[in-house]
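Peer 1: Supplied in structure tokens, the structure appears directly below.
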Amino acid sequence: MRSPVLLVIAHGSRDPRHAATVHALVRRVRAMRPGLRVETGFLDFNIPTVQGALKSLSDEGVRDVVALPLLLTRAFHAKADIPAVLREAPRRLRVRQAEVLGPSPLLLSALERRLYEAGSIPADKSSTGVVLASAGSTDPEAIAVIADIAREWWHTGWCAVRPAFASASLPRTEDAVRELRALGCERVAVAPYVLAPGFLPDRIARGAAEADVLGEVLGAAPEVARLLLRRYDEASTKALLPTRVGASA
């Protein structure tokens, strides 16, 4: 029996670095599992759109798809936008929506990888404060998840870990950096909890001006690619999405 196609659903951006990073991550996923077909669709700004990707797969005769949101928290896009788009998929497609990526220990490993690549030293972990800088959300569940991740990460040995947000919520990255200095952390590192470059990651970077280390976005880190495959495997056994009212033939 043929495995379902993995359709990675990214947000999209006018910033060309965003799509380039998404495609690099997808290439890594393909390399990790050569027999799996992996395609990409974007909600906005880039092509192919999710609708276009689903139609192309249907036209080719594909029948089973796992749609995986390239998101770190279950905010509006995961709860509303993506399910709405998937319900309009061609009727001949059997579509399962995978869970979002976070939270996951693999993401914490990827965050630490990025900090060490940027110059943090494992031996200095206990004297280094970390700002866990996310894009931000108006969804209370998403904000609570970021706070929980910060607490969990702190228990792995960092001096302190504070959440920060580039939009919608407070504190901002620069405020969290100053708070960690005030707490007495000898060094401060900023870990962007974002998948690809763009407007909000650039805001995080500007807010990290007074930090000692700024990590890169998670991007195509191997831990992220492994997590995509884990979410795909989990979703492959899920029930199909509810009947799609008005879906195309």
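Peer 1: Select from the range 171-187 the residues that are in a helix (DSSP H, G or I) and touching a Cys at 6+ places or on another chain (Cβ under 9 Å) and write down the one among them that is least open to solvent (accessible area, probe 1.4 Å). I'd like the intermediate steps shown before the answer.
Peer 2: So in the range 171-187, the residues in a helix (DSSP H, G or I) come out as 173-183.
Checking the rest, the ones that are also touching a Cys at 6+ places or on another chain (Cβ under 9 Å) come to 180, 183.
On the way: L180: 0, L183: 98 Å².
By that ranking, first place goes to L180.
Peer 1: Give me a count of the residues in the range 226-241 that are under 21 Å from L107 (Cβ atoms) and surrounded by 16 or more Cβ atoms within 10 Å (Cβ to Cβ).
Peer 2: Number satisfying all stated conditions: 7.
Peer 1: From V217, V190, V213, which residue is modelled with pLDDT of 95 or more, open to solvent by less than 10 Å² (accessible area, probe 1.4 Å) and within 13 Å of L111 (Cβ to Cβ)?
Peer 2: On the way: V217 fails: open to solvent by less than 10 Å² (accessible area, probe 1.4 Å); V213 fails: open to solvent by less than 10 Å² (accessible area, probe 1.4 Å).
Within the list V217, V190, V213, the selection yields V190.
Peer 1: Another question, if that's okay. Within the range 184-222, how many residues turn out to be within 17 Å of S120 (Cβ to Cβ) and among the basic types (K, R)?
Peer 2: Qualifying residue count, the range 184-222: 1.
Peer 1: Condition test on A196, is it assigned to a loop (DSSP other than H, G, I, E, B) and closer than 21 Å to H18 by Cα? Before the answer, list the steps.
Peer 2: Working: assigned to a loop (DSSP other than H, G, I, E, B): yes; closer than 21 Å to H18 by Cα: yes.
Yes.
So that you can scan it fast, the table gives a plain yes or no per residue for (1) within 18 Å of A239 (Cβ to Cβ); (2) hydrophobic (A, V, I, L, M, F, W, C); (3) surrounded by fewer than 22 Cβ atoms within 10 Å (Cβ to Cβ):
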| position | (1), (2), (3) |
| --- | --- |
| A80 | no, yes, yes |
| P103 | no, no, yes |
| D124 | no, no, yes |
| T128 | no, no, no |
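Peer 1: Still on this structure: For the structure I just gave you, tell me whether A98 is open to solvent by less than 50 Å² (accessible area, probe 1.4 Å) and either free of Cβ contacts under 8 Å to residues at least 40 places away in the same chain or touching a strand residue (DSSP E or B) at 6+ places or on another chain (Cβ under 8 Å) (or both).
Peer 2: Criteria met by A98.
Peer 1: Take the range 32-58 and flag every residue that is farther than 22 Å from H77 by Cα and either touching a Cys at 6+ places or on another chain (Cβ under 8 Å) or in contact (Cβ under 8 Å) with a residue 24 or more places away in the chain (or both).
Peer 2: First, pick out the residues of the range 32-58 that are farther than 22 Å from H77 by Cα: 32-37, 56-58.
The answer is M32, R33, G35, L36, R37, L57, S58.
Peer 1: Here's another thing I want to ask about it. What pairs can you find where one residue is in the range 130-141 and open to solvent by 20 Å² or more (accessible area, probe 1.4 Å), the other is among the hydroxyl-bearing types (S, T, Y) and part of a strand (DSSP E or B), and their Cβ atoms are less than 9 Å apart, with a gap of 6+ or different chains?
Peer 2: Listed pairs, sorted by first residue: A135/Y193.
Peer 1: Does R162 qualify as being in contact with a helix residue (DSSP H, G or I) (Cβ under 7 Å, 6 or more places away or on another chain) and either open to solvent by 30 Å² or more (accessible area, probe 1.4 Å) or not in a helix (DSSP H, G or I) (or both)?
Peer 2: Working: in contact with a helix residue (DSSP H, G or I) (Cβ under 7 Å, 6 or more places away or on another chain): yes; either open to solvent by 30 Å² or more (accessible area, probe 1.4 Å) or not in a helix (DSSP H, G or I) (or both): yes.
Here the answer is yes, as R162 does meet what is asked.
Peer 1: Additional query: So is A144 over 22 Å from G184 (Cα atoms) and either buried (at least 19 other Cβ atoms within 10 Å of the Cβ) or not small (G, A, S) (or both) or not?
Peer 2: Judged against the criteria, A144 is not a match.
Peer 1: Going by the conditions given, is G136 touching a Leu at 6+ places or on another chain (Cβ under 8 Å) and at negative phi?
Peer 2: In short, no.
Peer 1: Which of (1) among the charged types (D, E, K, R); (2) in a loop (DSSP other than H, G, I, E, B); (3) modelled with pLDDT of 95 or more does R231 not meet, given it meets every other one?
Peer 2: Condition not satisfied by R231: (2).
Peer 1: Identify the residue in the range 1-48 that is over 18 Å from the mean Cα position of the chain (by Cα) and more than 22 Å from L227 (Cα to Cα) and, among all such residues, is most open to solvent (accessible area, probe 1.4 Å).
Peer 2: Among residues in the range 1-48 that are over 18 Å from the mean Cα position of the chain (by Cα) and more than 22 Å from L227 (Cα to Cα), the one most open to solvent (accessible area, probe 1.4 Å) is M1.
The values are calculated or read from the model by the stated rules, or taken from the named source; none is laboratory data. Source: prediction; values computed, not measured. As a convention, Cβ positions derive from the backbone with ideal geometry for all residues, glycine included, and neighbour counts pool all protein chains shown. In case anyone asks, the SASA skips ligands and DNA or RNA and just uses the protein heavy atoms, side chains included. Shrake-Rupley method; radii C 1.70, N 1.55, O 1.52, S 1.80 Å.
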